[in-house]
1. How high is the relative contact order of the chain? Use alpha-carbon pairs under 8 Å, at least six apart in sequence, and give a whole percent.
2. What FRET efficiency comes out for the pair Arg544/Glu580, r = Cβ-Cβ distance, R0 = 35 Å, nearest 0.05?
3. Let me check I've understood the local charge: for Ser394, count other residues with C-beta under 13 angstrom from its C-beta, Lys and Arg +1, Asp and Glu -1. What total comes out?
4. Looking at the chain, do any whole DSSP H helices span at least 24 angstrom along their long axis by alpha carbon and average -1.0 or above on Kyte-Doolittle, and which?
5. Rounded if a/c is under 1.5, else prolate if a/b is larger than b/c, else oblate: which is the range 184-269, with a ≥ b ≥ c the root eigenvalues of its Cα gyration tensor?
6. So for the range 490-532, considering every pair of alpha-carbon atoms, how many percent are separated by more than 12 Å?
7. So which chymotrypsin sites (Phe, Trp or Tyr not before Pro) in the range 231-280 are both in a DSSP loop and have at most 16 other Cβ atoms within 10 Å of their Cβ?
8. Taking amide H positions as placed 1.01 Å from N in the peptide plane, with prolines and chain starts having none, which residues 5 or more places from Asn495, or on another chain, fall under 5 Å of its amide H?
Amino acid sequence: MNSESILENINILNEDKFLQDRIAQLNARYILFNTNESKDTFPNYSVKDDNMSLLAFQYLNLGCRLVEQEKILESSEALEKGSQILEYIYGSENNDISFRKYYVLISSLGYYSAFQYSKSFILIKKIENDTTISKLFSLFLQRRFNELQDYINTIIINDDYIKLSKSDDYDETPDRIYEIVIARSLSKIISYLNFGEAILLENAKTELTTLKEIAKSLENVDIWWVIRLILIIISGIEKASLWNVLRNNYGELPLLVKNFIYSHVFANSTKIHEFFTTQRSALNKVIGKNSGLIISMPTSSGKTRIAEVSILDTKVNNPDAKILFIAPYRSLAFEIENDLEKIFSPIGIVVSQLYGGSLFNKIDEKLIDDTDVIIATQEKAKALFRSDSEIIKSIKLVVLDEGHLLGANERLIRNELFIEELRYHIERNNGKFIVLSAVLPNPEDLSNWLTDSLDNIYKSDWRPSEERLGILEWTGKNVNLKWVSSDDERDSFNNRFIVAEKQPKKPRERIDKYIPSDKNEAVAATAIKLYSFGPVLIFVGVKRSVFTMAKSYLKVLGETEEFKWTNNNNWIAFKLACIEYDGADSKWLKYAKRGILCHNGDLPSDVRIPLERLMRTEKPRVIIATSTLGQGVNLGVSSVIFSTFYQASEPLEHSDFWNIAG
């Protein structure tokens, strides 16, 4: 079957309203399973799991066939759809169904093949210790390579394990062979990702291809599917690895580029071995190019990594060059400095942030003398450029983060005037701009302004995780959720997601009371239930509403033990900062003890910095914040609830909404 026929078959499935309605039912049911809803309260779903499992494998088969014909991007929709159906059926532990863990493994591998990395990681964790093979792949997909290598060693170095004799159970022999070959192949792939020796990857692919043929001849369909998907993943790894992408752009790798790769793959914390598909496409417009680039990509899709390589390329081509990285807020400047310093400091590229407000002094000048990458807010950068410092002439690259922050209000107009002044200096230096944003409404205008061309744009809507939009309706008695699809025929519903419960009467009370009893409590109750998917962010429109919402959340939550923070040092730092600023009865601290983190513009930096560190590194029950948080910190939340679409009585800006949602 050629690729056109495969795509036509996929389209037929996608346009089948009956099938898509059944998928929407699975979706709605999956949400109820994950929020621990009793099956007795489920609507009367008409979906049949066995039939839908067959549909899932039909999608996966079509996606695999496209990959095998080198139609990588075209394959992702079918692979994701098949994986999604399997997740909806088998992903929840509350759905007690045969072979659940096997189908979860297939779903996780399928998601990874479709570039949906976050969903793959979440699913694979549910079954990582179920079998030897699932543990191998779980550790591999999560990039826990040190643990994986230790586990592999227990398989391929242990003589008792690998020795097969006639006395062994015949039924166990193929399983042992599969485990040994998979373990050995994964070990070679780890070595390739760490050191870039392509022959190791080729050997691993050859061994796994042979193993797939063995599984086919023995009619081991389950293992055949696993190996088929892992071969697709390995093919993707080969194309996406730091070694391959940067070799394709540089040919013979300069020493600084090699060290950049080593800095990532051997990092102490998060190790990076691959570029996202969007990053690879954008880098073709960055490396070796002098024109600059306007990058419009969703939050968490990898814009900062592109900026990293832009910095690297600038230093490769001009070792004496300096780079100016402009962040819109000091909170984001701290985060950027921390991230860049981890990668660049080990390879001799010095990263420093200019602290303070709008003044520039001799201390700043001395700091810049010894710095390669200067991180500053616009106010501090203005002071730098208006000084008499010769350092300005050495700046060859300017990275503008959150480049959409231009507009009609006073601060945004000042930003635009400063960027025009900046453009004048950078043009004289023969330098360039890299502009990063998640929500650019006018990339062509920015490109024409900053790069003298309408064409220096990279735009993508891809993100490494699924985004689902819903409408929360409070009827006065219950909460209904309507999940919005791109096709009105496929919307799904969770009616009566929250039902107001009558509370026991206190002495002398005559009127019945219910929880939730108003909109704030309804939002809080929904957030509590959605916490089963991960931390929740509740957006409120004005500062005073932060604690109003926190009070409602605490009321609905009821009596619970104090929240357990995993990093005690970060918690103590925040606790002491709250007491220092607001006393022992601090409201910020009171709610944080229950896992409720509150954030608004009133926070002094001494409290805000440890608070935002908790937000980034922990998994609180809920974060309640105004838009001051939306531009400043990258958060690991699973759900965002907008309690209002207004901010200080004015409608929320389109760009602000999508930046917070992202």
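1. The normalised contact order for the chain reaches 10 percent.
2. On the way: r = 23 Å, r/R0 = 0.66.
Plugging the Cβ-Cβ distance into 1/(1 + (r/R0)^6) gives 0.90.
3. Local net charge: -1.
4. On the way: long enough: 17-34 (26 Å, -0.12); 49-68 (28 Å, 0.21); 72-90 (26 Å, -0.01); 172-195 (35 Å, 0.20); 198-217 (29 Å, 0.05); 221-240 (28 Å, 1.55); 410-428 (28 Å, -0.83).
Membrane-span-like by this criterion, though nothing is claimed about a membrane: 17-34, 49-68, 72-90, 172-195, 198-217, 221-240, 410-428.
5. Prolate shape, in that a/c is at least 1.5 and a/b is the bigger ratio.
6. Of all Cα-Cα distances in the range 490-532, 68 percent exceed 12 Å.
7. Phe266
8. Result for Asn495 returns Leu481.
Read-outs: derived from the displayed coordinates by stated rules, not from any lab. None of these values were measured; they are calculated from a predicted model. Because the Cβ atoms are built from the backbone with ideal geometry, glycine has one as well, and the counts that use them run over all protein chains shown.
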